[in-house]
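See structure below.
The values are calculated or read from the model by the stated rules, or taken from the named source; none is laboratory data. Nothing here was measured: the structure is a model prediction, and the numbers come from that model. Virtual Cβ from ideal backbone geometry, glycine too; neighbours counted across all protein chains shown.
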Amino acid sequence: MHIPDGFLDAKTLVATGALAATGVTIALRQAQRHLPPRRVPLLGLTAAFVFAAQMINFPVAGGTSGHLLGGTLAAVLLGPSGAVLAIAAVLIVQCLIFADGGLLALGANIFNMAIVGAAGSFYVYRGLLRLLGSGRGQVIAVAVAAWCSVVMAAIVAAGELSLSGVMAWRVGLAAMAGVHALIGVGEALITTLVVVAIRRARPEILAETSPMAATGRPAVEMVAFGLLIALGLAMFVAPFASSWPDGLERVAARLGFQDRAVATPLVPSPMADYSVPRLGQAAWSTALAGGIGTGLVFLLALGVTWLLVVRKRQRGRVRSRSGGA
């Protein structure tokens, strides 16, 4: 669902960029207030896992593929603010390093997948969790929220394409919602399986009751083990993912606006199309690019969150103490 440059007009790019910047700013402020420093590694790990999982396209139907968006998984683990920061880190690395999603459309992609898809699905999840309770109710809540995250993001993307004059609203809505409703089934299945596994192994790290649950300190061993899983997905599974076009690409081809995409990235990407230069498109080139990308996303999410959230909070406390002395 990564929108390339060329699909959206200037007014839509400006509007979605402003909405994305506002959403990320709010997420940072909320994280500064509520995110415990001991959970920062979990944010980096979640972002790394989502990046690796997004490299794995699975076949859906009719020559179309889909991949995990990961917004609901991030929201269940981190709450809405942490999920926005984690998914935004993934999208930034995908755009700048791998030319996956347009540079000018980065704001639209962050708004669609990080804010609408991730943060929006958290409130669907939390509402259902309150209604259905824990246990089986949580499983249902996760599955429904994950499905909704894909469909909500697809509907918003359809609206952006319609506002840009790329396609008629009714036709585009039906096409985007229809194909992503199928992709959402895969999203729900994968997210539910991962959450159930985490619930059995480390239930204390799930953010069920508050936007930034303070319980559940992720151990170093857990973060290292999770990072190894993410690297394994990116390096040993992603090279064999489905090569079929994803939902947006299928809709673009069906409605005849695929040629609007900018062929050459506005800024050269070091590993465009998830391949290392001079190594071609071989599976091991994709594996190496995936491993590098997973590490970069982990470090970006971890480093930026620590500097902008934890260190800023610590400096604020020091200034408060100095002022009161």
Item to check | Residue that is nearest to Gly172 (Cα to Cα), among those in segment 233-253 that are loosely packed, with under 15 Cβ neighbours inside 10 Å and not polar (S, T, N, Q) | outcome: Ala253
Item to check | Counted residues, segment 24-63 - those being buried (at least 22 other Cβ atoms within 10 Å of the Cβ) and of a type outside the set (A, V, I, L, M) | outcome: 7
Item to check | Test set (1) under 28 Å from Leu8 (Cα atoms); (2) charged (D, E, K, R); (3) at pLDDT below 90 - Asp259 fails condition number | outcome: (3)
Item to check | So Ala119, is it touching a Pro at 6+ places or on another chain (Cβ under 6 Å) and surrounded by 24 or more Cβ atoms within 10 Å (Cβ to Cβ) | outcome: yes
Checklist entry - Here are some conditions: (1) buried (at least 24 other Cβ atoms within 10 Å of the Cβ); (2) closer than 16 Å to Asp246 by Cβ. His67 meets all but one. Which one does it not meet? => result (1)
Item to check | Per-region count, segment 108-154, residues under 11 Å from the mean Cα position of the chain (by Cα) and not hydrophobic (A, V, I, L, M, F, W, C) | outcome: 4
Checklist entry - Just checking, how many residues over segment 199-214 are in a helix (DSSP H, G or I) and either modelled with pLDDT of 95 or more or in contact with a helix residue (DSSP H, G or I) (Cβ under 7 Å, 6 or more places away or on another chain) (or both)? => result 1
Item to check | Residue match in segment 174-183 (condition: free of Cβ contacts under 8 Å to residues at least 40 places away in the same chain and either buried (at least 22 other Cβ atoms within 10 Å of the Cβ) or farther than 27 Å from Arg254 by Cβ (or both)) | outcome: no
